[in-house]
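Student: A single structure is presented below for examination.
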Amino acid sequence: MSTQIYDRNDIIAMLRYQFEMGIDEALLDFPDALASPVKLSELLAPTNMTLDLPAKTPAGPIIGPMGKKATKLPPSRNGRVAVAPAVAACPSFSNATDLSKITSLADLRACLAALDDCPLKHTASNLCFADGNPGARVVIIGEVPGRDEDRMGVPFVGFAGQLLDKMLACIGLDRTSTYLINMLPWRPPGNRTPTDEEFAMLTPWLFRHVQLAKPEFILLLGGAAAKLVFGSQDGILKLRGKWREIDFGDGVMRPTLASLHPAYLLRSPAQKQLAFEDLLMLASRLNLAAVDNKSG
């Protein structure tokens with residue numbers, strides 16, 4: 001069995017990650033009365049073993065959806081800036097306005113892949129960035145990646161994705177004529193609900209994703225996505241079925257419609273009629289002819 005050797009910085013990074021996840025106490029298999037206590041500040045202090053770059057701390061609050069102030073971003077892990085060779089040109093993000101430096105979807109994906117300060121990245125299997133046609137007139141925003149999405153790195157796969165494909169086919173759409181993304185690009189561990197801090201960190205990235213895709217229309221699937229974008233606490237049955245003009249941060253008001261998530265429809269098939277009515281509203285805006293309701 002091979003042994004993997006970690007240097008001091010790797011061990012500190014793992015300790016800091018465990019601390020951020022709520023582990024604040026360490027136990028040994030056997031007591032060591034001769035061991036000298038080490039303060040956390042001393043343990044985490046940078047050394048001359050590696051090249052330390054100054055980490056930029058946030059200068060101000062993040063501005064989230066609907067103009068609400070959100071939690072500040074944490075400083076870079078270990079006090080260092082992690083730079084991968086393929087993403088060395090990614091800017092250092094101190095607040096949401098820095099995302100304007102990203103000018104293409106390819107750069108957005110690369111910079112997300114380098115976002116080491118997000119704990120979700122380290123517990124997920126894959127980055128779930130997007131699927132479909134980035135130049136489509138319609139962007140579909142789902143909720144957080146599930147098990148299948150995390151395994152494949154593609155939004156809307158598995159049984160829910162198959163149902164979505166059938167739903168889109170009802171109005172003459174498919175994955176070549178739509179662009180599919182999720183609220184968050186990584187699956188929370190155990191499918192837990194994302195924290196406010198995680199939303200504060202990643203919502204500006206979602207909005208920048210929409211800005212770069214430049215769709216004419218937005219379709220939100222699921223209550224979580226609708227609540228986030230609309231800034232509402234109402235349930236999806238109240239939020240669905242009505243067009244709203246939403247500014248995703250670039251001054252462009254985009255017609256946005258909320259509907260039921262395919263995963264919900266698999267659990268509550270009686271609600272498929274409501275989803276079909278929403279699809280008809282989208283088809284009307286797109287001037288598409290809907291076919292018989294055979295969404296499965």
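Student: How about segment 201-246: which of its residues are under 15 Å from the mean Cα position of the chain (by Cα) and hydroxyl-bearing (S, T, Y)?
Tutor: T203
Student: From the list L202, L180, L206, L212, pick out the single residue that is aliphatic (A, V, I, L, M), touching a strand residue (DSSP E or B) at 6+ places or on another chain (Cβ under 6 Å) and either closer than 30 Å to G251 by Cα or part of a loop (DSSP other than H, G, I, E, B) (or both).
Tutor: One residue alone meets the criteria, L180.
Student: Got a number for residues in segment 116-151 being touching a residue at least 40 places away in the same chain (Cβ under 8 Å) and either among the acidic types (D, E) or within 20 Å of L228 (Cβ to Cβ) (or both)?
Tutor: Count: 21.
Student: Under 9 Å between Cβ atoms, at least 6 apart or on separate chains: pull out the pairs that start in segment 95-109 with a residue that is among the charged types (D, E, K, R) and end on any residue that is at pLDDT below 90.
Tutor: Once the first residue is among the charged types (D, E, K, R) and sits in segment 95-109, its partners that are at pLDDT below 90 give D98/P91; D98/S92; K101/C90; K101/P91; K101/F93; D107/V87; D107/A89; D107/C90.
Conditions tested, residue by residue: (1) at pLDDT below 95; (2) closer than 17 Å to L173 by Cα; (3) in a helix (DSSP H, G or I); (4) of a type in the set (K, R).
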{"site": "I246", "(1), (2), (3), (4)": "no, no, no, no"}
{"site": "P255", "(1), (2), (3), (4)": "no, no, no, no"}
{"site": "L265", "(1), (2), (3), (4)": "no, no, yes, no"}
{"site": "L274", "(1), (2), (3), (4)": "no, no, yes, no"}
{"site": "L279", "(1), (2), (3), (4)": "no, yes, yes, no"}
{"site": "L282", "(1), (2), (3), (4)": "no, yes, yes, no"}
{"site": "A289", "(1), (2), (3), (4)": "yes, yes, no, no"}
{"site": "N293", "(1), (2), (3), (4)": "yes, yes, no, no"}
{"site": "G296", "(1), (2), (3), (4)": "yes, yes, no, no"}
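Student: Name the single residue, out of those in segment 148-188 being surrounded by fewer than 17 Cβ atoms within 10 Å (Cβ to Cβ) and aliphatic (A, V, I, L, M), that is farthest from D278 (Cα to Cα).
Tutor: Restricting to residues being surrounded by fewer than 17 Cβ atoms within 10 Å (Cβ to Cβ) and aliphatic (A, V, I, L, M), the top hit is M152.
Student: Does T176 satisfy being hydroxyl-bearing (S, T, Y), at pLDDT below 95 and farther than 17 Å from L220 by Cα?
Tutor: Considered against the rule, which asks whether it is hydroxyl-bearing (S, T, Y), at pLDDT below 95 and farther than 17 Å from L220 by Cα, T176 comes out as no.
The values are calculated or read from the model by the stated rules, or taken from the named source; none is laboratory data. Bear in mind the structure is a predicted one, so any value in this text is a computation, not a measurement. Virtual Cβ from ideal backbone geometry, glycine too; neighbours counted across all protein chains shown.
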